[in-house]
Each structure stands twice: as structure tokens, then as C-alpha cells.
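Data block below; observations after.
Values quoted throughout were computed directly from the atomic coordinates according to the rules given, and no laboratory measurement underlies them. All of these numbers come straight from a predicted model, not from anything done at the bench. Every residue, glycine among them, receives a Cβ derived from its backbone with ideal geometry; neighbour counts consider all protein chains shown.
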Amino acid sequence: MQKRSVFIVLAGLSMAVAAQAAVPTSLVGDASTPAMATQTLVLTPTTDNVNVDWGQTVDFKLNNQQFAFDFDGVREASRINLQRVAPAGMLDHPVYAYVQDFPHAR
């Protein structure tokens, strides 16, 4: 019985990870320009997560590179891997943006 429970848990986790990877980036937000950003976050090689508000445009900086992203997608997308929206090669490890629902946006 215990092996079956472990299998069910592992199957559920792998489905959740696959579902996250399958969400098109257009549903979580849109690329933007640094000039439109309302907040700047400096990433480091050890950054593994950041908190942002829904509807917020954030300018991300790492070394001499930067990109901006507008977190205006569906509200159910509460965790976004920035590797999927950053310029290719900018992030060499997953950095998750946890999107908090902005209370005045409803």
C-alpha cells in the first residue's frame, strides 16, 4: 500500500510540473520595456524566487542584462518560471515569480 501511495504522489507532482510548463507565456503576462516598469528587481546567481503583484510591470536586472515583464495574465498563474520569459541565456537556473493578487484590481 505504501508503494502505491508514493507512486500516486509522484504522479501528481509530475503532472503539476508538466501543467506549469504547458501554460503559454501569453497567458501569464507580456514582455514589456524597462521604461514601463513600476518596480526594479536585481537578480543574483543565487536568487531562486521573487514576489510580484498581479498587474505590475517589473524590470529584472542581472549583471549587465535586463528585461521587463508585465504580470497581467490570468490570475490563476500564481507561479511563473522567469527562465521562460527572460531573454535566452540570461538565467541559467529557475527563478520563480510568485504573483500575488493585487487587491484593487478586481
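Give me the net charge of Asp30's neighbourhood, meaning all other residues with Cβ under 10 Å from the Cβ of Asp30; Lys, Arg count +1, Asp, Glu -1.
Here the count lands on -2.
Please give the peptides 94-101, 41-48 ranked by average Cβ packing (other Cβ atoms within 10 Å per residue), highest first, as a rough proxy for protection.
Highest-to-lowest ranking by the protection proxy: 94-101, 41-48.
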